Amino acid sequence: MIRYFRTVGEQLTELNQPQTGCWVYMVAPNMDEIQQMNEKYDIPIHFMQAALDEEESARIDHEDGCTLLVVDTPIVEAESQAYVYSTLPIGILLTSEILITICTREIPVLSDFLDQRVRSFSTAKRTRFILQILSRITSKFLAYLKQVDKASMRVENALIESMKNKELVQMLKLEKSLVFFSTSLKGNELVLERMMRHERIEKYPEDTDLLEDVIIENRQAIEMCGIYRDILSGTMDAFASVISNNLNIVMKILTSLTLVLSIPTLIASLWGMNVTVPFQDTAHGFYIVVAVSFILALISAIVLWRKRMF
């Protein structure tokens, strides 16, 4: 899918055909659409294919008058009764005439621009537009990090009450999301730092200030991600120790009960043999054996209780 947009005044207007200074919005384009952009604006095909590779790492490249920026953006998906956070690469192609964004699916960052929820952006100011996209990506990372932190607290409270595998799996998925975020944020940081030194991207003084702000926010997101990862990892280790300790307590109690119950079982086995045994000719022999078994079991239970085996 290819759509063309251009800001007229302060309104974002959709066009039927691309124009100089427009924004080309590409979502999961087919090969014909990629070939069309290559023929019209001489954009390297492998640049567009790289942006569509979900395993592509964040980078910045330049070839034949076209600059490619690949950065990772956070996404959230519903899965059963929880949310899964991950990242997806987005390609930004800058030429002398147009700016192109290309991605495998619609993402919230670009939807904010389409819905005009971002103020003071213009498709004609391409460098500023790129920086606003990067700023929006960083803001999404910060927002999703806060959601991950809140989700981990809810799962932690549920885990304290239930101690079931379901909550442990949710904690594991949240920790996995933080790993994705951390890797993507560090890759984006390298791209942002290269943009500061990249001479082929025109920057005005106000653009430089905005880029510095984006770099600071990105570093803040990296620090937050590291803190949340450490907390979540420590929480997982603590709960693993608690679960292991609970298992040891259960095994200790079961072992103690087995020892106590083995005494009556042993006595009953001895008096059940087909040989001469004490009290076999006594009218109250059965009750004597039961009483002895009970007393010995009670004594062993008291001894084990004093040794904190119960």
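The values are calculated or read from the model by the stated rules, or taken from the named source; none is laboratory data. Model, not experiment: these values are computed from the prediction. Neighbour counts run over all protein chains shown; Cβ positions are idealised from the backbone, glycine included.
Counting the residues of segment 172-188 that are surrounded by 15 or more Cβ atoms within 10 Å (Cβ to Cβ) and within 10 Å of the chain's Cα centre (by Cα) gives 8.
Within segment 2-41, if we keep just the residues that are out of contact with any helix residue (DSSP H, G or I) (no Cβ under 8 Å at 6 or more places or on another chain) and of a type in the set (A, V, I, L, M, F, W, C), the residue that is surrounded by the most Cβ atoms within 10 Å (Cβ to Cβ) turns out to be Cys22. With respect to being surrounded by fewer than 17 Cβ atoms within 10 Å (Cβ to Cβ), in the same structural domain as Glu217 (by TED's automatic domain parsing) and not in a strand (DSSP E or B), Lys140 falls outside the description.
Every residue, every condition in (1) surrounded by fewer than 15 Cβ atoms within 10 Å (Cβ to Cβ); (2) part of a helix (DSSP H, G or I); (3) touching a helix residue (DSSP H, G or I) at 6+ places or on another chain (Cβ under 9 Å), yes or no:
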site: Gly226; (1), (2), (3): yes, yes, yes
site: Asp230; (1), (2), (3): yes, yes, no
site: Ser269; (1), (2), (3): yes, yes, no
site: Ala283; (1), (2), (3): yes, no, no
